[in-house]
Structure formats: C-alpha cells, structure tokens
Amino acid sequence: MSSIIITTAIGLLAGMLGTGLGGIVTFFWRKPTNKSVSFLLGIAGGIMLAIVMVDLVPESIHHSSLAYAISGLLLGFILLSITSKFFRKYIKGEEYIHTGVLLGLGISMHNFPEGLAIGAGYIATAELGFGLAIVMAFHNFPEGLSMATPMNVGGWSPIRILIATLLPGIPMGIGAFCGSLIGYISPEFLSVTLGFAGGGMLYLTLFELIPSSYNFDYGLDATLGIIVGLGTGVVLTFLF
C-alpha cells in the first residue's frame, strides 16, 4: 500500500511540477505587445505541433498499431472540436483564455497515460518509475508554457496562471495510481489514449493557437514564432 502512495505522489509531483514550470515563466514577463503576442503564440503553436507529430503520434503507433493510433487521434480531434464549441458559449469575448483552458484540458488527457506508464514502471522497478517521472516532468514544461502563453495574453495574473498550469498535472498522479494498481497496461489501450490526447492537442493547435497568432498584422512574426516553436519542440522532445 505504501508503494502505491509513493508512486501516486511521484506521479502527481512530476505532472504538476512539469506544467507548473511553464506557468512560472509568466512571472518574468508582463503583458506583451501585439507584435510579441503574434510571435509568442506562434512559438506555443509550434511547440504543441512538434509534441503531437514527433512525440505523441509516433509513441501511440509504437505501443500498438497505426489503426489504434488513428482511431484515438480521430476521437480526440472530434471531442475537442465539440468541447471547443461548448466552451465558447460560456467564455465569450475571452478568446485567449478559452484557448488556454482548452489546452489545459488537452494536456490533462496527455498526462493520464503518462501517469499510467510511471505507475506500471514503478511496479517493475522503483528506479524505472522514478526515472520516467523525471523525464516526464521536464517533458511537460513546454506544454505548460504553451498553456500559459494565451492566458498571459488574455490578462490573467501570474498567480492565477500558475494555479491553472498546476491543475493539468493532477491526472498524471491519478494515472500513476491506476498504473501501480493494474501493473500491466494493455498496449492497445495506451495506443488509443495517447492518440486521443494527440488528436485533442492537434485540434487546439490548428484551430486555436496558430490562428490566434495571426490575429494581428504581424504575420511574419507569427510564422517565425511557429518555426522557432517547431524547432524548440523537436529538440526538447528528443532531449527528454
């Protein structure tokens, strides 16, 4: 029982620390200019696109097959599309906050299967589970930053953003708890859940973040930001 509690705590800490670091960044910059907004949102969109295409989708395929990965991808894409329309009814006139909240939801979906991996890994050996937790904490930093960026542009205070970016880390703790109980996780299940998270994030990137970066007359800055974000996301993904 104590090992399950420890595993859950490690997963929770890894998830909240990883995304929370992205929120902490907002303490060091104030409300940016419109030109900076285009660039920053472009970076956030590029990072998220890299995470989906270089990390989530290939990992989903690796765990099972292309069919399971695509099924999860489509389900996630459709669900976030429906959720986005629902949210817009209640967050009118707050486009950037709407984007940030939905990104938090997408990150939460991603963190649950990662938590499952931590829990299952910890059952195998404590070193494996702890090592996975450290890697995923660093891996979640760019996701937290992508979520924090539109919230900062939308006028939220750094404290409020920090709290918001900590919350998507909770599903990783829940996943670690479930993983430590189950022990063996079906490869097909992991494939679908990772694809599901990737589909949700893909929708948010293509229909929320990247279009928002072009809301101002700084298309070149937005494009440059996307390129920088893609490069950064690829590098961070391979490093962590």
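The values are calculated or read from the model by the stated rules, or taken from the named source; none is laboratory data. These numbers come from a predicted model, not from an experiment. Cβ coordinates were reconstructed from backbone atoms using ideal geometry, including for glycine residues, and neighbour counts include every protein chain displayed. These area figures cover heavy atoms from the full protein model, side chains too; ligands, DNA and RNA do not enter into them. Shrake-Rupley method; radii C 1.70, N 1.55, O 1.52, S 1.80 Å.
The local environment of F77, defined by Cβ-Cβ distances under 15 Å, has a net charge of 0 under the rule Lys, Arg +1 and Asp, Glu -1.
Where the accessible area of the chain is counted over protein heavy atoms with a 1.4 Å probe, how much of it, in %, is carbon and sulfur? Working shown, then result.
On the way: 8050 of 10650 Å².
Of all accessible area on the chain, carbon and sulfur atoms account for 76 percent.
Estimated purely from DSSP H runs of n ≥ 4, each contributing -39500 (n - 2.57), the mean residue ellipticity at 222 nm for the chain is -26500 deg cm²/dmol once divided by its residues. Centre-to-centre separation between the Cα atoms of the stretch 189-211 and those of the stretch 1-61: 14 Å.
When each of the peptides 99-112, 158-171 is scored by how many other beta carbons lie within 10 Å of its residues on average, the order from highest to lowest is 99-112, 158-171. At a probe radius of 1.4 angstrom, the accessible area of the chain per residue rounds to 44 square angstrom.
Using the Cβ of G106 as centre and a radius below 14 Å, the other residues enclosed give a net charge of -4, where K and R count +1 and D and E count -1. Structure remark: mean-square fluctuation, Gaussian network model of the chain, C-alpha springs under 10 Å; the largest value among T149, T193, T125 belongs to T125.
In the stretch 20-82, which chymotrypsin sites (Phe, Trp or Tyr not before Pro) fall in coil by DSSP and have 15 or fewer other Cβ atoms within 10 Å? Don't skip to the answer; put the middle values down first.
On the way: sites: F27, F28, W29, F39, Y68, F77; in loops: W29.
Loop-located and lightly packed - W29.
Over all other residues within a Cβ to Cβ distance under 14 Å of A50, the charged ones net out to -3, with Lys and Arg as +1 and Asp and Glu as -1.
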